[in-house]
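A.B. asks: This is the structure, below, for whatever I ask next.
Derivation of every value follows stated rules applied to the coordinates shown; laboratory data play no part. Note that the structure is a prediction, hence the values are computed from the model and not measured. Cβ coordinates were reconstructed from backbone atoms using ideal geometry, including for glycine residues, and neighbour counts include every protein chain displayed.
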Amino acid sequence: MTPDIGLILGIDGIATGSIYVLVGLGLVLIFSVTRVVFVPFGDIVAFSALTLASMQLGRMPGTVYLVATLAIIACLVEALHHLRRGQPWRIARGLLGYGLLPLIPAAIAWRIAGTNSPAWLQIPLAIALVVPIGPLIERIALRPLADASVLLLLVVSVALTFGLSGLGLLFFGPEGFRTKPLTSQIFRFGTIVVTSQTLLMVATAAVFSLLLFIFFERTLSGKALRATSVNRIGARIVGIRPANTAMLAFLLASLLGAISGILIGPTTTFYYDSGFIIGLKAFVGAIIGGLMSYPGTALGALFIGILESFASFWNSAFKEVVVFGVLIPVLLWRSLSLGQVDEEDAEIEG
Amino acid sequence: MTARAAMVLLAIAVIALLAAAPFCLSSFTITLLNYIGIYALVALGVVLLTGFGGLTSFGQAAFVGIAAYATAWLTTTQGASPWLGLLFALALTGLVAALLGAVTLRLGGHYLPLGTVAWGLSIFFLFGNLEALGRHNGIASVPPIFLGPISLESTETIYYLIWGVLIVATIAVANLLESREGRAIRSLRGGVVMVESLGINVFRIRLVTFVLAALLAGLSGWLYAHMSRFVSPTPFDLRMGIQYLFMAILGGSGHILGAVVGAGLITLLQNALQDVLPLFFRDGEQLEVIVFAVVYVLVLQFARGGVMPFVLRFVPHGKKPAITAAAPLPRRAMPAGGTPVLTVERLLKRFGGLEAVSRVGFEVRAGEIVGLIGPNGAGKSTVFNLITGALPSDDGNITFLGQNITRAGQRYIAKAGIARTFQHVKLRPSMSLIDNVLLGTYLRTRCGFLKGALRLDRAEERRARFEAATQLRRVGLAGDPYDLACNLPLGRQRILEVARALAADPALIILDEPAAGLSRPEKMALAELLRTLRQEGVTILLVEHDVEFVMGLVDRIVVMDFGSKLIEGPPAAVRADPRVQEAYLGSVA
């Protein structure tokens with residue numbers, strides 16, 4: 001390998017890694033606030049890329065049906081929940097939040113499907129379509145289990161991955177799509193060529209990481225999220241509602257996922273189930289960061305991106321083996337550095 | 001007819017039906033039953049691992065795959081007998097599981113399952129890309145198994161092998177769970193501090209459980225390879241690994257038979273969906289995952305115990321056998337009265353900037369009851385945790401019966417002869433009283449995993465049970481020994497911890513607020529018990545807030561305040577000391 005190739009691989013790895021950074025930050029955000037290891041997060045990334053691709057092809061994005069399905073189920077769950085607690089007057093608000101709000105972008109997308117809409121409309125619309133998926137799933141499947149153990153939540157989350165990939169197949173079909181490049185300029189630094197797509201990916205990841213940091217440091221909602229992740233019961237005592245923080249965490253994470261999908265869409269062909277592997281790779285990055293630290297996750301995710309890039313140069317058939325195999329030494333290192341672990345209650349049945 | 005006889009008859013009837021099945025059912029149904037048996041074997045491992053051991057794995061399919069590929073490779077390319085293939089498959093599966101376990105099992109909670117997801121994927125990609133294993137095409141024409149001259153090539157003949165293996169494995173696992181090491185497996189769910197304090201090596205138990213579950217998966221993989229006579233990567237992918245976990249959860253991971261029930265339900269559901277869904281949808285076959293996801297989420301939300309608890313309602317409940325007298329377990333030699341048992345010197349523990357225990361020293365002599373008292377936050381429980389090795393000390397020395405135990409771990413200290421109870425009760429609420437106390441006898445008994453599974457541990461088990469029942473009676477919990485620990489009120493749960501500590505036959509017993517939550521007569525009974533123990537030569541160190549209880553019982557008192565020792569002496573002198581009065585009541589002036 002020449003230094004030039006090394007450099008190209010490195011740049012490539014940083015570009016992919018920056019997407020893993022965004023996805024990894026979303027995963028850590030959800031985990032620290034709700035204790036859910038949200039395995040289906042990668043699917044949100046894939047659905048976002050597929051949504052934009054369908055719009056660019058002038059088709060109706062499958063996301064419309066997906067969001068509508070989830071919204072209807074969420075409304076049912078919400079209505080049942082309030083009825084069982086004898087508070088039927090609360091149903092209206094629930095229907096508004098979980099029914100009407102997610103359906104607004106869906107309705108717009110449905111209206112303009114087939115017309116040749118401009119890119120400045122398509123991208124925000126695709127993001128707005130995808131963002132409700134996270135909070136809707138939280139409402140349907142995870143909130144009823146909010147007090148369950150981490151392990152049980154993980155098992156549910158894996159079951160959701162099953163379901164979401166099935167729904168993806170139902171609404172997007174089995175064929176793969178690649179979105180049009182967002183920009184196509186090329187920069188040359190000596191012998192090194194950097195595409196503007198790469199720069200855009202890295203810059204966006206940096207900007208959103210910074211925004212997330214400011215949100216946590218400077219806003220009351222951000223501090224509420226941090227408080228919840230440090231001590232759930234304590235946060236509850238000072239009046240932070242767990243349902244609200246969970247909603248917010250999923251909303252923000254969903255946004256990060258949707259943006260990642262738009263950014264990575266032009267670089268690779270997406271299928272309905274491509275998200276799973278992306279999500280897991282971001283997970284490996286997050287585990288390097290201990291699933292709790294944002295800067296650690298960012299570094300871990302970048303490392304995974306670079307590792308993947310070099311591994312695919314070395315032997316593309318084995319790149320997945322290398323990327324997932326690296327988790328074993330990482331876990332070994334963590335187990336040696338951590339020493340004795342916490343008193344985690346490992347219960348499956350309630 | 002007794003309930004036990006009814007159970008035996010039921011079991012015989014089920015086995016007779018299974019044996020008759022190939023003569024009355026279609027070949028297709030037998031194929032389905034074969035798959036159910038093969039899946040149930042893996043799910044049985046998951047039940048052991050997850051339901052009882054509290055460890056979650058999504059990667060069992062990878063172990064099935066390793067075994068299937070191992071035997072397929074050995075029998076096709078090397079022309080070896082499938083029986084040699086079995087040995088090779090189990091050895092390889094066990095080795096891989098031991099290596100992976102050694103890396104991930106020290107980490108608690110979610111790291112293990114996430115690790116299993118990663119290796120499940122890695123191994124799948126490995127199978128699909130290795131030239132020697134036929135890449136994505138797999139290995140074809142795997143030979144059938146021969147049992148002497150009989151070929152097990154047909155569906156109906158291998159059926160007997162599969163279900164025979166499953167029944168034997170189920171009985172072995174059930175035996176294991178009722179044995180000494182099985183109780184240790186069951187105690188893994190919940191915190192590890194209590195388990196280690198009983199001298200149980202948590203890591204070792206986890207590792208063996210993990211390897212056992214992998215071996216069951218390996219057995220299943222071997223059967224699969226020689227039944228389908230063909231292996232390719234797909235049946236061993238992550239999706240299948242997840243499916244195995246859900247079989248156990250759907251069937252009921254808290255019960256051995258949950259594995260068979262879950263494997264049966266999921267195989268039948270899958271079969272039904274494959275018939276029905278294509279009638280409605282273009283990609284019907286793949287859409288079954290949606291149905292499965294919905295079923296799983298609903299089960300986890302509304303019936304976390306799975307199907308088994310509902311089934312068990314219709315099965316007669318056998319009366320548990322009464323505990324019979326047996327030879328007592330060997331006892332340790334107690335130190336001679338008056339000799340020093342425990343010496344604590346200049347003990348120091350910092351939590352960040354706070355000196356929770358600063359230079360505390362005292363001595364406990366054989367046959368004494370010493371009380372450690374002090375206001376809340378004085379550092380009493382921290383001292384206990386330092387002595388028993390639950391926390392490492394920053395400086396100072398602890399000597400127990402002449403051995404320096406300052407740096408020793410919990411297990412070593414338990415073996416040396418210190419037993420303890422906890423300020424916040426640490427029991428296994430879903431285990432029976434007798435099982436909780438039996439955990440205390442762990443260090444006094446020997447039988448390992450194999451003896452337990454083969455039921456060769458019965459003589460020792462009878463002795464241990466008799467010992468546990470004796471201790472239960474002794475502390476005044478003579479009711480139903482098979483009642484669950486969670487049914488006791490908190491005060492009596494503390495007493496159950498005392499019984500567990502006594503079952504370890506300790507030279508020194510350390511009690512953290514044993515009388516909290518007890519009624520007055522119960523307290524008096526406890527004091528009487530502690531006096532009896534003193535007469536038997538057991539040394540006792542206790543923390544207690546009930547001053548009347550302490551004053552009437554102990555020989556000497558150590559008073560702590562703000563992490564330091566205030567004074568030490570006989571009860572009357574301590575009661576009169578102005579410094580003690582100030583610490584408890586504030587200064588007189």
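A.B. asks: Calculate the mean, over all residues of peptide A:318-325, of how many other protein chain Cβ atoms lie within 10 angstrom of the residue's Cβ. Each step should come with its number before you reach the end.
C.D. replies: On the way: counts 5, 1, 7, 10, 2, 4, 10, 7.
For this peptide, the per-residue mean of nearby foreign Cβ atoms is 6.
A.B. asks: Let me ask something else about it. Extent of chain B along each principal axis, from alpha carbon coordinates, in Å, largest to smallest?
C.D. replies: That works out to 91, 59, 48 Å along the principal axes.
A.B. asks: Return the loop-located GluC sites (Glu not before Pro) in the stretch B:448-536 (DSSP other than H, G, I, E, B) with at most 14 other Cβ atoms within 10 Å of their own Cβ; answer none if there are none. Walk me through the numbers before you get to the answer.
C.D. replies: Working: sites: B:Glu460, B:Glu461, B:Glu467, B:Glu497, B:Glu522, B:Glu528, B:Glu536; in loops: B:Glu536.
Passing sites in the stretch B:448-536 are B:Glu536.
A.B. asks: Work out, in µm²/s and without decimals, the Stokes-Einstein translational diffusion coefficient of the stretch A:241-337 at 37 °C, 0.692 mPa s, Rh from Kirkwood over C-alpha pairs.
C.D. replies: Values: Rh = 14.9 Å.
It diffuses with D of about 220 µm²/s by this estimate.
A.B. asks: Shifting gears a bit: Return a whole-number percent for the relative contact order of the stretch A:33-285, with Cα pairs under 8 Å and 6 or more residues apart as the contact set. Don't jump to the answer; show the numbers that get you there.
C.D. replies: Working: 337 pairs, mean separation 101.4, N = 253.
In percent, rounded to a whole number, it is 40.
A.B. asks: Taking the alpha-carbon distance from A:Lys319 and a cut-off under 20 Å, which lysines remain once sequence neighbours fewer than 8 residues away in the same chain are dropped?
C.D. replies: Partners within reach: A:Lys281.
A.B. asks: Cα axis of helix B:202-228 to longest principal axis of chain B: angle in degrees, 0 to 90, nearest 10?
C.D. replies: That helix lies at roughly 10 degrees to the long axis.
A.B. asks: Here's another thing I want to ask about it. Between B:Cys486 and B:Thr339, how many nm apart are label points set 7 Å from Cα along the C-beta direction?
C.D. replies: Label at B:Cys486, label at B:Thr339, 4.6 nm between them.
A.B. asks: Which one, A:Ala146, A:Leu76, A:Thr115, is farthest towards the positive end of the dipole of the stretch A:50-163 when Lys and Arg carry +1 and Asp and Glu -1 on their Cβ?
C.D. replies: A:Leu76
A.B. asks: What percent of all Cα-Cα pairs in chain A falls in each 10 Å bin, counting up from 0?
C.D. replies: With 10 Å bins starting at 0, P(r) equals 5, 24, 34, 25, 10, 2, 0, 0.
A.B. asks: Turning to a different aspect of this structure: Over the C-alpha atoms of the stretch B:347-392, what are the Rg and the largest Cα-to-Cα span, Dmax, in Å?
C.D. replies: In order Rg, Dmax, the Cα atoms of the stretch B:347-392 give 11.4, 38 Å.
A.B. asks: Pairs of Cα atoms under 8 Å, at least six residues apart: use those to get the relative contact order of the stretch A:218-350, whole percent. Before the final figure, lay out the partial values.
C.D. replies: Details: 69 pairs, mean separation 15.0, N = 133.
This gives 11 percent for the stretch A:218-350.
A.B. asks: Could you grab the Rg to Rh ratio for the stretch A:143-293? Cα atoms only, Kirkwood for Rh.
C.D. replies: Details: Rg = 18.8 Å, Rh = 18.4 Å.
Value, to two decimals: 1.03.
A.B. asks: Here's a follow-up. What's the magnitude of the charge dipole for the stretch A:33-285 around its Cα centre, counting Lys and Arg as +1 and Asp and Glu as -1 at the beta-carbon? Answer in Debye, nearest 20. Numbers along the way, then the final one.
C.D. replies: Numbers: 19 positive and 7 negative charges, 127 e Å.
Magnitude of the dipole: close to 600 debye.
A.B. asks: Quick check on the exposure proxy: order B:Ser232, B:Ser197 from fewest to most C-beta atoms within 10 angstrom.
C.D. replies: In increasing order of surrounding Cβ atoms, one gets B:Ser232, B:Ser197.
A.B. asks: Excluding same-chain residues fewer than 8 positions from B:Lys523, which lysines have a Cα within less than 28 Å of its Cα?
C.D. replies: B:Lys380, B:Lys426, B:Lys565
A.B. asks: What residues qualify as long-range amide H neighbours of B:Arg420, i.e. H under 5 Å apart, gap of 5 or more or another chain, H built at 1.01 Å from N?
C.D. replies: The answer is B:Ile510.
A.B. asks: Name the residue from B:Ile369, B:Asn397, B:Pro570 whose Cα lies farthest towards the positive end of the charge dipole of the protein assembly as shown, charges +1 on Cβ of Lys and Arg and -1 on Cβ of Asp and Glu.
C.D. replies: It is B:Pro570.
A.B. asks: Now for a different question. Please work out the ratio of the alpha-carbon Rg of the protein assembly as shown to 2.2 N^0.38 Å and round it to two decimals.
C.D. replies: Working: Rg = 31.1 Å, N = 939, 2.2 N^0.38 = 29.7 Å.
Relative to the 2.2 N^0.38 Å estimate, the protein assembly as shown comes out at 1.05.
A.B. asks: Okay, moving on. For B:Ser564, which sequence-distant residues (separation of 5 or more, or a different chain) have an amide H within less than 5 Å of its own amide H, given hydrogens modelled in the peptide plane?
C.D. replies: Long-range HN contacts for B:Ser564: B:Ser358.
A.B. asks: Another question, if that's okay. What ranking of B:His110, B:His317 emerges when the number of other C-beta atoms within 10 Å of each C-beta is taken as an exposure proxy, fewest first? Each step should come with its number before you reach the end.
C.D. replies: Values: B:His110 21, B:His317 10.
Ascending number of Cβ neighbours within 10 Å: B:His317, B:His110.
A.B. asks: Additional query: Report the charge-dipole magnitude of the stretch B:30-312 in Debye, nearest 20, computed about the Cα centre from +1 at each Lys and Arg Cβ and -1 at each Asp and Glu Cβ.
C.D. replies: Values: 12 positive and 11 negative charges, 150 e Å.
About 720 debye.
A.B. asks: Using only Cα atoms and rounding to the nearest 10 degrees, what angle (0 to 90) does helix B:82-104 make with the longest principal axis of chain B?
C.D. replies: The helix B:82-104 is inclined about 40 degrees to chain B.
A.B. asks: Most exposed first by the Cβ proxy, i.e. fewest other Cβ within 10 Å, how do B:Arg4, B:Arg463, B:Arg183 rank?
C.D. replies: If I rank by nearby Cβ atoms, fewest first, I get B:Arg4, B:Arg463, B:Arg183.
A.B. asks: Which three extents, in whole angstrom, do the alpha-carbon atoms of the stretch B:30-312 cover along their principal axes, largest first?
C.D. replies: Taking the Cα atoms of the stretch B:30-312, the three principal extents are 53, 47, 35 Å.
A.B. asks: Could you list which residues have their amide H under 5 Å from that of B:Arg556, counting only those 5 or more apart in sequence or on another chain, with H placed in the peptide plane?
C.D. replies: Here B:Ile369, B:Gly371 satisfy the definition.
A.B. asks: Please compute, for peptide B:121-132, the average count of beta-carbon atoms on other protein chains lying within 10 Å of each residue's beta-carbon.
C.D. replies: Numbers: counts 9, 10, 3, 3, 9, 5, 0, 3, 6, 3, 0, 0.
Taking all residues of B:121-132 together, the mean is 4.
A.B. asks: Got the relative contact order for chain B handy, in percent, Cα pairs under 8 Å and 6 or more residues apart? Could the numbers behind the result be given before it?
C.D. replies: On the way: 1047 pairs, mean separation 99.8, N = 589.
Answer for chain B is 17 percent.
A.B. asks: Still on this structure, please answer the following. For a distance above 18 Å, tell me the whole-number percent of Cα pairs in the stretch A:1-159 that qualify. Intermediate values should be presented prior to the final figure.
C.D. replies: Numbers: 8393 of 12561 pairs.
Summing the P(r) tail past 18 Å for the stretch A:1-159 gives 67 percent.
A.B. asks: Quick one: net charge around A:Asp12, please, counting Lys, Arg +1 and Asp, Glu -1 for every other residue with C-beta under 14 Å from its C-beta. The partial results should precede the final answer.
C.D. replies: On the way: positive: A:Lys319; negative: A:Asp4, A:Glu308.
Local net charge: -1.
A.B. asks: Now for a different question. Could you compute how fast the stretch B:340-585 diffuses translationally, taking Rh as the Kirkwood radius over C-alpha pairs and applying Stokes-Einstein at 10 °C with viscosity 1.306 mPa s? Give it in µm² per second. It would help to have the intermediate numbers written out before the result.
C.D. replies: Details: Rh = 18.7 Å.
For the chosen part, D equals 85 µm²/s.
A.B. asks: A further question on this structure: So if I take the centroid of the Cα atoms in the stretch A:28-45 and the same for the stretch B:104-142, what is the distance between those two points in Å?
C.D. replies: Taking the Cα centre of the stretch B:104-142 as reference, the centre of the stretch A:28-45 is 24 Å away.
A.B. asks: Cα-based Rg of the stretch B:202-313 per 2.2 N^0.38 Å, rounded to two decimals? Mind dumping the intermediate values first?
C.D. replies: Working: Rg = 16.0 Å, N = 112, 2.2 N^0.38 = 13.2 Å.
For the stretch B:202-313, the normalised Cα radius of gyration is 1.21.
A.B. asks: Of all DSSP beta bridges in the stretch B:340-585, what percent run antiparallel (nearest 5)? Could you put the intermediate results ahead of the total?
C.D. replies: On the way: 22 of 38 bridges.
If we restrict to bridges inside the stretch B:340-585, about 60 percent are antiparallel.
A.B. asks: What is the average number of partner chain Cβ atoms found within 10 Å of a Cβ in B:303-311?
C.D. replies: Details: counts 2, 8, 3, 2, 0, 0, 1, 0, 0.
That works out to 2 on average.
A.B. asks: Using only the alpha-carbon atoms of the stretch B:134-243 as identical scatterers, what base-10 log of I(q)/I(0) does the Debye formula give at q = 0.12 Å⁻¹?
C.D. replies: -0.62
A.B. asks: Positive end of the charge dipole of the stretch B:399-498 (Lys, Arg +1 and Asp, Glu -1 on Cβ, about the Cα centre): tell me which of B:Asn487, B:Tyr442, B:Phe422 has its Cα farthest that way.
C.D. replies: Positive-end residue among those listed: B:Tyr442.
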